[in-house]
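The values are calculated or read from the model by the stated rules, or taken from the named source; none is laboratory data. Note that the coordinates shown come from a computational prediction; the quantities given were computed from them, not determined experimentally. Here the Cβ positions follow ideal geometry from the backbone for every residue, glycine too, while neighbour counts run over all protein chains shown. All accessible areas refer to the heavy atoms of the entire protein, side chains included, with ligands and DNA or RNA removed. Shrake-Rupley method; radii C 1.70, N 1.55, O 1.52, S 1.80 Å.
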Amino acid sequence: MSSVKPQILCWQICDAVHIDPATGKHYLLGCFSNIRAREFPVTHGRMIWFLTLTDVPSGAHELKVLIGPNVTETKEVISRKFESQSPLHKINLINEMRNVLFEREGNYAIVIEVNNEPILVTNLGVST
């Protein structure tokens, strides 16, 4: 395995992703960076977590995404295998999230890992 760490080129939360059948282009629809709710707890029905990676060594890999009220209290919400043809390729991963529960208002920690190595720690604001 290479010592080069996979890099994130794009991380976006959105309502949907359309892939043009003629060109293969990805169109991200309804991009957002926070969630608003009238009361808590609240369940967000559906969202897409879109990710573009590069510098991923050739072969099989595993993506994991964890979320929680803080970095020490996260739980795994995505675990999936993917393939890389070359570290030079850009890999688009479309991850559909359904019925994500937010117990309370706050900044929720999101940790993205490839092969159990964190490559991004960010947050998602949830407020009234």
### Check on Ile67, assigned to a strand (DSSP E or B), touching a strand residue (DSSP E or B) at 6+ places or on another chain (Cβ under 7 Å) and open to solvent by less than 40 Å² (accessible area, probe 1.4 Å)
yes
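So that you can scan it fast, the table gives a plain yes or no per residue for (1) part of a strand (DSSP E or B); (2) farther than 17 Å from Ser127 by Cα; (3) in contact with a strand residue (DSSP E or B) (Cβ under 7 Å, 6 or more places away or on another chain); (4) open to solvent by 40 Å² or more (accessible area, probe 1.4 Å):
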site: Leu28; (1), (2), (3), (4): yes, yes, yes, yes
site: Arg38; (1), (2), (3), (4): no, no, no, yes
site: Arg46; (1), (2), (3), (4): yes, yes, yes, yes
site: Val77; (1), (2), (3), (4): yes, yes, yes, yes
site: Ser86; (1), (2), (3), (4): no, yes, no, no
site: Glu96; (1), (2), (3), (4): yes, yes, yes, yes
Reported set for the stretch 48-64 where residues are open to solvent by 10 Å² or more (accessible area, probe 1.4 Å) and not in a strand (DSSP E or B) is Asp55, Pro57, Ser58
Exception for Ile119 within (1) of a type outside the set (S, T, N, Q); (2) open to solvent by less than 40 Å² (accessible area, probe 1.4 Å); (3) in contact with a helix residue (DSSP H, G or I) (Cβ under 7 Å, 6 or more places away or on another chain) falls at (3)
